[in-house]
Structure formats: C-alpha cells, structure tokens
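**Student:** Have a look at the structure that comes next, please.
Just so it is clear, none of the values below were taken in a lab; they were calculated from the coordinates. Please read these numbers as outputs of a predicted model, since none were measured by experiment. When we count neighbours, we look across all protein chains shown, and the Cβ atoms used for this are built from the backbone with ideal geometry, even at glycine.
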Amino acid sequence: MLNTVMTALFWAAFGIMLYHWVAFPMTLWLWGKVSPRRYGPGPRSEPSKVSVVMAVFNEERIIAGKMKNLLAMDYPADKIEILIGSDSSTDRTDEIISSFGDPRVRLIHYDEQAGKTVVQNRLLVEAKGDVVLCTDADSLLTSESLGLMLEQMRDPRVAVVNPKYRRVNRDGSAAESLYDRWETKVKELEGRLGAMVGCNAYANLIRREFATPIPDDTNLDDFVLGIRPFRSGYDVVTEPRALVVTQAEAEMLEFRRKARINRGNLQVLTRFADLLLPKYGVKAWVYLSHKVVRMLIPFLLLIMLMTSALEVSRPFFTVVFALQVALLASTPMLFVAKGRWRRLMFPQYYYLMNIALLVGCWQFFAGHEKYWKKTPRSHVIQ
C-alpha cells in the first residue's frame, strides 16, 4: 500500500510539472488557433497623450542611455510627458537627468527613501496622459514600440499592453536564456487570448483608468497593475512586434531576483485569490496554470525527492534518487564553472532557481522587506 501511495505521489508531482512546462503552452497554442481573441479597434483619432513613469535610485551608470532611449521614441513630442521620481538618489542620477534639459521631462526628487512602489504611486497621481507607460531604468525600447503598443489600445477592451522582451548578457546563464524564450512565447500565447499574466516592469502600457496607485507594500508592481483589470472584465495582451531589451544576470543576482519575484507572487495570490474563481474563465485558468503552479514546483521537486528516497530499494527509484542527489550536490558548481561546462548545467540551474523560489516563500512568511528594493546590476545595457 505504501509503495502505491509513494509511486502515485511521485508521478502526480512529475505530471503537474510536465503540464506546466509542456501541456499548458501547447493548450494555449491550440486554443489561440481555434478561438483567438478578436482585435476590435475603435475609430482612429488623434494620438493619445502618453505619460511615461519611472522610479529611479542611484542609476548614474545607466540613466543617460535610458534618457536618450526615451527621448528618441518615434511619437509626437507634444503628446509625451516623462515623469521621473528620484528615490533619494545620492549619486549623479538627478544631475544627469537634468542635463538633458528637455521640456518633456519632469524630475521629482524625494528626500526620504521609500522604495520603488511608493515613488511610482506618487508619479501615477501626477500623470496626465490618456495612457501610462511604466518603465525601468535598465530597459530600452525600440523607437517604434510605443506606437505599436498604442495600436492595441485602440481596442476598448484592452487595458494593458506589454511588448516582447529580450534579456542579454554574455555572462548570464544559458539556462536563463532558454527560460526567457519559454516565458516570452507563453506570454505571447496568453496575449492572443487576452489573458496574459505576469506583465513585466520593463515597459508596461496601461490605460489611464487602471494606472492608479497600488498598496505601498506591493513587491511586484508590474504584476498587480497588469492583473487588476481582469476583475473588471478587461483584457491584457502582448504586442510581439514591440521589443524591450534588458539584461540577464549571473546566477547569484538571478537567485535574488527569483526569490523577490516569488515573494511577490505569493503576496499577489493572497490579495487576488478571487481571480481563480470559475467566473473569470480563461483568465482564471491561465493564472492558475502559469503563476500558481509555478509557485508549487519547488514543493513538487521535494515530493519527487522524498518519494524516490523512500522507494530507493526499487531499481527505477534508485536511479531517479541518485540522479536527483547528484544534481543537487553539483548545483554549487554553477558559481565556479566556466565556458562549455557552465552552459551544459541546465538541470543544476533549474534546481538553483527553484531553491530561490523556496527562499522567496520563506521571506514572504517571515515578513521580510516592507518595500520593493531593486536587485543590483552587474552590467549596463547600451
């Protein structure tokens, strides 16, 4: 009887993981082919007024490039305002921003550091645009991307538009790059159904009525701003022709980022659990399959490890248990491996990032970090 239970638990955990990584995106693709969301644009009118909102803290290494990128957007200059909140920056960030002397730019310096979400909330109150583009200092949009995303906003059912994103860094993990490609494609497929979850902070275009302040203690502002419209029946889509480029980091910084993201995902789940109700239809299914199951994967891996350990006397589980132990034992080598060996360590990276998710769970329940703190960066996007 015990053998049957352990075997069932092992294969159930494995099956849920297989569903998340393979069956879920395949179902999205098929659904998008059979019953895609129909684009219903309203009549074309004069260009929308756009408020660009960005919170910054000590970004002197990258802020000049970001400013050039924002000011080079292919969009009528009289229809853009750029609101930048400096969260008590102590380096040359404010000086560099002011040096551009562009009338579209308004810099507000806050003397007391409060965190990204608080600063962004203050800027959202100041924004006067018909739509708001929330963006980060370390991400660069192609010049035509804003106009392409605004085309999606012509459909009155669309509340949020995200571009496709690409993360680059020669020192970043090859496994993280593979994950990025999976995540980008899944979000595109979700967007075809109007049910994209997990908007990125790199460039998040939001209809003005939904670009309102969120709780100051929010860890994932982009996720919350992107998911709130679901409650009102609006759609969230991607514009795959638009592109934002940011950076992938080495393992330790990605570890910290993944822990923060999972801490934020748990916070969102506690506040938006109602979105899992059947009345939200495809949006509930996508949220469950993409985000909620993702949070369960570290525990599913633990179940597979424990059940195979308990059944180690059986040949199949002997091999499976030995393989899991070997991968876990070799995971620290990610921090010292170089060249081709590092690029081959996909399974170890998978385990490392799931350990990060467990750390994020612990941080959430322990009440760590009352406000959003940025993850340090090791490289600059040019």
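**Student:** Suppose every K and R has +1 on its Cβ and every D and E has -1 on its Cβ; what is the size of the dipole of the chain about the Cα centre, in Debye to the nearest 20? The partial results should precede the final answer.
**Tutor:** Numbers: 49 positive and 39 negative charges, 222 e Å.
Dipole of the chain, to the nearest 20 debye: 1060 debye.
**Student:** Using the Karplus curve 6.51 cos²θ - 1.76 cosθ + 1.60 with θ = phi - 60°, work out ³J(HN,Hα) for each residue of the range 96-111 in order, rounded to whole Hz, and write x for Gly and Pro.
**Tutor:** Computed from phi, the couplings for the range 96-111 are 5, 4, 5, 5, 6, x, 8, x, 6, 9, 10, 9, 10, 9, 10, 6 Hz.
**Student:** Based on Cβ point charges of +1 for Lys and Arg and -1 for Asp and Glu, what charge dipole magnitude is obtained for the range 50-249 about its Cα centre, in debye rounded to the nearest 20?
**Tutor:** 700
**Student:** A follow-up question, please. Could you check the simple spin-label distance between K338 and V282, using points 7 Å along Cα→Cβ, in nm with one decimal?
**Tutor:** Modelled inter-label distance: 5.0 nm.
**Student:** Please report the antiparallel percentage of DSSP beta bridges with both residues in the range 50-249, rounded to the nearest 5.
**Tutor:** Looking only at bridges with both residues in the range 50-249, the antiparallel portion is about 25 percent.
**Student:** Sticking with this one: Using the per-residue mean of other Cβ atoms lying within 10 Å as a proxy for protection, in what order, highest first, do the peptides 199-208, 313-322 fall?
**Tutor:** Peptide ranking by packing, descending: 199-208, 313-322.
**Student:** What is the spin-label model distance, in nm, from V168 to Y19 if the labels are put 7 Å beyond Cα along the C-beta direction?
**Tutor:** Rounded to a tenth, the inter-label distance reads 3.9 nm.
**Student:** Related question: Setting aside same-chain residues fewer than 8 positions from K283, which aspartates and glutamates have a Cα under 16 Å from its Cα?
**Tutor:** E188, E190, D235, D274
**Student:** Follow-up question, since we're still on this one. Take the alpha carbon atoms of the range 1-71, find their center, do the same for the range 277-355, and report the distance between the two centers in whole angstrom.
**Tutor:** The range 1-71 and the range 277-355 have Cα centres separated by 21 Å.
**Student:** Distance check, please: which entries in K128/K258; K68/K116; K116/K291; K116/K279; K116/K338 exceed 31 angstrom between their Cα atoms? Can you show the working numbers first?
**Tutor:** Details: K128/K258 34 Å; K68/K116 22 Å; K116/K291 23 Å; K116/K279 33 Å; K116/K338 35 Å.
With Cα atoms farther than 31 Å apart: K128/K258; K116/K279; K116/K338.
**Student:** Using the Cα centre of the range 1-149 as origin and beta-carbon charges of +1 (Lys, Arg) and -1 (Asp, Glu), tell me which of Q113, L146, A13 is placed farthest towards the positive end of the dipole.
**Tutor:** Value computed over the given set: A13.
**Student:** Give me the net charge for the shell around V186: Cβ to Cβ below 13 angstrom, other residues only, Lys and Arg +1, Asp and Glu -1.
**Tutor:** Here the count lands on +3.
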